[in-house]
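*Asks:* Please read through the structure below; I'll follow up with questions.
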Amino acid sequence: MGEKQQVSLEDVARYCGLSTVTVSRVLNHSPSVREYNRQKVMEAIEALGYIPNAAARTLARGTTGIIGMITPGLQDPFFSQIVQEVNNGLISHNLFLAISITANQGCDYILQQQRVDGMMLLAPGMEDEFVPRLKSQKVPFVVLDSQNRNADYSCILVDNFDGGYQVGRHFLDLGHRRVGFIGGPRELINSSEREHGLQAALAGEGLSVVRSERGQFCFADGYRIMTAWIAQDVVLSAIFAADCNLALGVITALREHGYRVPQDVSVCGFDDEPMAQEYIPALTIVAQPVSALAECAIEQLMIWIGGERPKQLIYRLKPKLVVRESTAPWRAD
């Protein structure tokens, strides 16, 4: 058997009895085509199994139909959730997402020679490396979870201060007065903002954080810090860990040393990862607005790709406190 012949644009035109110009206009979504002719072309495409030549369409339209994203990796559940939401949103715009992991050479390939219509940067702390390159390429771009709070470019942020404040108010409403904080690396401003929000809520009642310490956003550091506090007889009734994995490490250390969560110590985390709901007890958490982040980023990028610059540069989206089983009213006994 011989190879199946690839269906051409001329074959589609011949099948539906229209010119190749009309078929091309349909493929490029031209508004000048009558609906009757558009329908005939679409029926011919389906009947023949025609697959448009993406390269040819790119040349004709001056666009690629591809949005690039630079990220350090997908191991972080927060990053992977954003990527999934962005991908789903772009599909509704008939666009494709191309991901470049920063450790690879792919980001240079994507940035060069107009291979994308726009870019998203999801790499907190790496803005100084990539933003100048994006500007020099004159490609529309938006930055998610930026560490630069005075940016002169489009940024979509989470209001981490508000998230920390919500946790503080939650603890106060439950009667807690001795509160500790375990955060991430000091160079990450989002962790500091979460602590400042917690402090602001407590200060409103004349209180302050009893003990604060930093580590990496990981289970091991939550476990290590909490174990050290127990050994030092640090007495707390509630702990805010600025990351889900930190919080799970804290709970594990408490349980191993005979403390009950939440009966003896309440624990709240940040980032609503799947494990937060599956853990026992289910973790009270500050959930980041992942869907809204992706939606806002796509909206701002599409405005720029459409020929306008976004009127607002920095968007701060509110997180939401999700109360589950790991926090409870303080008991004097």
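The values are calculated or read from the model by the stated rules, or taken from the named source; none is laboratory data. Quick caveat, the model's predicted, so the values are computed rather than measured. Methodologically, a virtual Cβ is constructed for each residue, glycine included, from the backbone with ideal geometry; neighbour enumeration extends over all protein chains shown.
*Asks:* Which ones in region 140-160 are within 14 Å of PRO310 (Cα to Cα) and either crowded, with 16+ Cβ neighbours inside 10 Å or out of contact with any strand residue (DSSP E or B) (no Cβ under 7 Å at 6 or more places or on another chain) (or both)?
*Replies:* Matches in region 140-160: PRO140, PHE141, VAL142, VAL143, ASP152, TYR153, SER154, CYS155, ILE156.
*Asks:* Looking only at region 184-209, how many residues end up being charged (D, E, K, R) and at pLDDT 95 or above?
*Replies:* Within region 184-209, residues that are charged (D, E, K, R) and at pLDDT 95 or above number 4.
*Asks:* Please state which one of GLY184, GLY125, GLY215, GLY222 is outside the structural domain of ASP264 (by TED's automatic domain parsing), in contact (Cβ under 8 Å) with a residue 24 or more places away in the chain and of a type in the set (Gly, Ala, Ser).
*Replies:* Going through GLY184, GLY125, GLY215, GLY222 in turn, just one is outside the structural domain of ASP264 (by TED's automatic domain parsing), in contact (Cβ under 8 Å) with a residue 24 or more places away in the chain and of a type in the set (Gly, Ala, Ser): GLY125.
*Asks:* Follow-up. Can you find even one residue in region 246-259 that is surrounded by fewer than 24 Cβ atoms within 10 Å (Cβ to Cβ), assigned by TED's automatic domain parsing to the domain that holds THR284, part of a loop (DSSP other than H, G, I, E, B) and on the phi < 0 side of the Ramachandran plot?
*Replies:* For region 246-259, residues surrounded by fewer than 24 Cβ atoms within 10 Å (Cβ to Cβ), assigned by TED's automatic domain parsing to the domain that holds THR284, part of a loop (DSSP other than H, G, I, E, B) and on the phi < 0 side of the Ramachandran plot: present.
*Asks:* On the basis of being of a type in the set (A, V, I, L, M) and surrounded by fewer than 18 Cβ atoms within 10 Å (Cβ to Cβ), does ALA242 make the cut?
*Replies:* No.
*Asks:* Kindly state which helices (runs of 4 or more DSSP H) lie completely within region 65-139 and contain at least 2 residues that are modelled with pLDDT of 80 or more. Break it down stepwise before answering.
*Replies:* Details: elements: 77-91, 106-111, 127-137.
Because the criterion is at least 2 residues that are modelled with pLDDT of 80 or more, the helices (runs of 4 or more DSSP H) in region 65-139 that meet it are 77-91, 127-137.
*Asks:* Could you give every pair whose Cβ atoms fall below 9 Å, whose first residue belongs to region 319-333 and is at positive phi, and whose second residue is surrounded by fewer than 17 Cβ atoms within 10 Å (Cβ to Cβ), counting only separations of at least 6 or pairs across chains?
*Replies:* Cβ pairs passing all conditions: none.
*Asks:* Return a yes/no flag: does region 146-157 have any residue that is touching a residue at least 60 places away in the same chain (Cβ under 8 Å), hydroxyl-bearing (Ser, Thr, Tyr) and assigned by TED's automatic domain parsing to the domain that holds PRO72.
*Replies:* yes
*Asks:* Of all the residues that make up region 5-35, how many are modelled with pLDDT of 85 or more and over 17 Å from GLU46 (Cα atoms)?
*Replies:* The number of residues fulfilling the criteria is 2.
*Asks:* Do we have any residue at all in region 262-272 that's modelled with pLDDT under 95, surrounded by fewer than 23 Cβ atoms within 10 Å (Cβ to Cβ), among the charged types (D, E, K, R) and not in a helix (DSSP H, G or I)?
*Replies:* yes
*Asks:* Across region 149-188, what is the total count of residues that are closer than 30 Å to THR63 by Cα and either outside any strand (DSSP E or B) or of a type in the set (A, V, I, L, M) (or both)?
*Replies:* The qualifying residues number 6.
*Asks:* Let me ask something else. Please indicate, with yes or no, whether at least one residue in region 56-64 is under 27 Å from GLY306 (Cα atoms) and either in a strand (DSSP E or B) or modelled with pLDDT of 90 or more (or both).
*Replies:* no
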